Structures are given as structure tokens and as C-alpha cells.
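Undergrad: Could you have a look at this structure, given as C-alpha cells, before my questions?
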Amino acid sequence: MEGYLLAEQIIDKLKPMLDKNDLKTVEMVVIDKLKGYICEPKEPCYDLSTEVNYSQRNEWIIRQYADFKALEVSKSSLKQYVRAVRKLTEYHCDKPLDKLTFVDMANYMMEMTDREVSNTTYNNELRYLNQFFKFMCDQAEFMSSNPLKKIRSKKEEDKIKKALTATEFETLLSACTNQRDRALLNFMHSTGM
């Protein structure tokens, strides 16, 4: 994670000097240039073809994934992605992440169903883990195929949003400062937006 932290420190120093677009460009360049330094000397770089302690091996893989994913998502999203993978390692503590099979993953997802989690929660976990295995196959090349490829998401129920009451709508209208805003608000209200 140190490579990512170094990139983050550099970008934080440049924030006051650059606009959002320039900052994004600099961020991509810095991260690209630091790619080879993500695995620091004090952090073991495991050869995944040799046997090591599964928890250490899994932790190393998770750190590599977190470094990669940190470039794409916010910190709060990153926590969710990493949390999903850590839960998976707790369930399959007897196996390294790069050796999980379709049967292992089907059992894990079935266990979630047995716990009666909502379809939304199930789908979120599936999405987080799919991203992890996509990384394992495509970016890190630790695996040749995604063990989640054949597992489908569950249908989520459409949630009906509660309409504004007349009082709430009048409050919004009274807060409008010009005729354009009132017209937009009336349009959205009358069309059900």
C-alpha cells in the first residue's frame, strides 16, 4: 500500500495548484510511474507458484488489489471492495484466493442466500467479488478464469419512491428564487420526475 500512499501524498501537495482536470491527469501519470514501486522491499513479494502461509499469501494479494483499485474508486468504495474480499478469505481460510474454484464460490454465494441477505446485498457482494476476480485474471494474471463468471445476480425489487406531499411541494416552490426554477419544479412534479 506504500506505493499508493506515496502517490496520494504527491497528489495532495499538488491539489491547491491545479484544477480538477489537470489534477486527474497528474494523478494518472504519478500512479503509472509508481506502478513498479507498489511492492516495497519491506513488504514480501510472493511468488504465487510457491507454497506460503495462506493468510500471508491472501493478505499480500488483497494489498495488491487494494493498490490497484485505489486508482479507480473513492476511499469509502475501496473499503467495501476490500471488505468483501476479506469476508471471502474468512469463509475460505483453508485455501489461497488464487486457487478458488467455481464450486468454492457457488458455496460461498449459497451461504449468503442461506443467511437470507437481501437481493441488493447479494448483488453488491457479487459485484465486488467479480471486480476482484477480474483483477486476478486480467491485471495481476494470478488466475486464468473468473470462478464467478457463471454465477448470476438476483432480481431486485423495484422500490416505489414516495411522492411529495402538497405541503412539501409548496415549500419547494416557495424556495425558488426565479421563474425558471418554478417552471422546472412544476414540470418535474406534474410529470412524476
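Undergrad: Restricting the first residue to the range 68-83 and requiring it to be assigned to a helix (DSSP H, G or I), which pairs with a second residue that is of a type in the set (Lys, Arg) meet a Cβ separation below 9 Å and a spacing of at least six or different chains?
TA: 77/69; 78/69; 81/69; 82/69
Undergrad: Could you please give the count of residues in the range 84-97 that are open to solvent by 60 Å² or more (accessible area, probe 1.4 Å) and part of a helix (DSSP H, G or I)?
TA: Matching residues across the range 84-97 total 4.
Undergrad: Quick one: which helices (runs of 4 or more DSSP H) lie wholly within the range 112-193 and hold at least 2 residues that are closer than 30 Å to residue 89 by Cβ and either in contact (Cβ under 8 Å) with a residue 12 or more places away in the chain or open to solvent by 100 Å² or more (accessible area, probe 1.4 Å) (or both)?
TA: Numbers: elements: 119-134, 166-175, 179-191.
Output list reads 119-134.
Undergrad: Against the condition out of contact with any helix residue (DSSP H, G or I) (no Cβ under 9 Å at 6 or more places or on another chain), part of a helix (DSSP H, G or I) and surrounded by 14 or more Cβ atoms within 10 Å (Cβ to Cβ), how does residue 106 come out, does it pass?
TA: When the stated conditions are applied, residue 106 passes them.
Undergrad: Moving to a separate point now. Name, by its number, the condition in (1) within 23 Å of the chain's Cα centre (by Cα); (2) at pLDDT below 75 that does not hold for residue 67.
TA: Failing condition for residue 67: (2).
The values are calculated or read from the model by the stated rules, or taken from the named source; none is laboratory data. Quick caveat, the model's predicted, so the values are computed rather than measured. Don't worry about glycine lacking a Cβ; one is built from the backbone with ideal geometry, like all the others, and counts go over all protein chains shown. With ligands, DNA and RNA removed, areas are computed over all heavy atoms of the protein, side chains included. Shrake-Rupley method; radii C 1.70, N 1.55, O 1.52, S 1.80 Å.
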